[in-house]
Amino acid sequence: MSALKAVPAQTPDDAEKFASLASDIAALCDDAIATGEIEALSNEALGQVMASVVRLYAAKAENGAKLMPFGRNSVPTPTDVCITSLALLDAGGIEVFELGLWETMSNIRPAKATGLADAS
């Protein structure tokens, strides 16, 4: 039987570290896209970041946070959103129809102004 580990409380330093890491990751991604060097960034690391962000976003939404899916100065194109959405649905074993059903049964909603034009 394993002992339960105490989980340290989040601190203001953690919030600052998270914001700094988010800026660093965004800059690395933007630079890789701009220079065409996307293969230099690991697919495994990208998946790790994606999974962590998806879990955190969902946990915050389940706690009632009204989140915007995109931060300031980071608006992906509609094509980017479609490609990523389909990949997430596929990885989760969810069909588009099932997503629609889940939406009608769930009370979890993102912030209303979530259109790409509203995100900036």
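Nothing in this text is a laboratory measurement; each read-out follows from the coordinates by a stated rule. Keep in mind that this is a model prediction, so the values were computed, not measured. Neighbour counts run over all protein chains shown; Cβ positions are idealised from the backbone, glycine included.
Its convex hull of Cα atoms gives segment 35-102 a direction-averaged projected area, equal to a quarter of the hull surface, of 6.0 nm². Charge tally around Ile108: other residues with Cβ under 11 Å, Lys/Arg +1 each, Asp/Glu -1 each, net +1.
Sort segment 15-73 into rounded, prolate or oblate with this rule: let a ≥ b ≥ c be the square roots of the eigenvalues of the Cα gyration tensor; rounded if a/c is under 1.5, and if a/c is not under 1.5, prolate when a/b is larger than b/c, oblate otherwise. Because a/c hits 1.5 or more and a/b exceeds b/c, segment 15-73 counts as prolate. Within the shell of other residues whose beta carbon sits under 12 angstrom from the beta carbon of Ser20, the net charge comes to -3, with Lys and Arg scored +1 and Asp and Glu -1.
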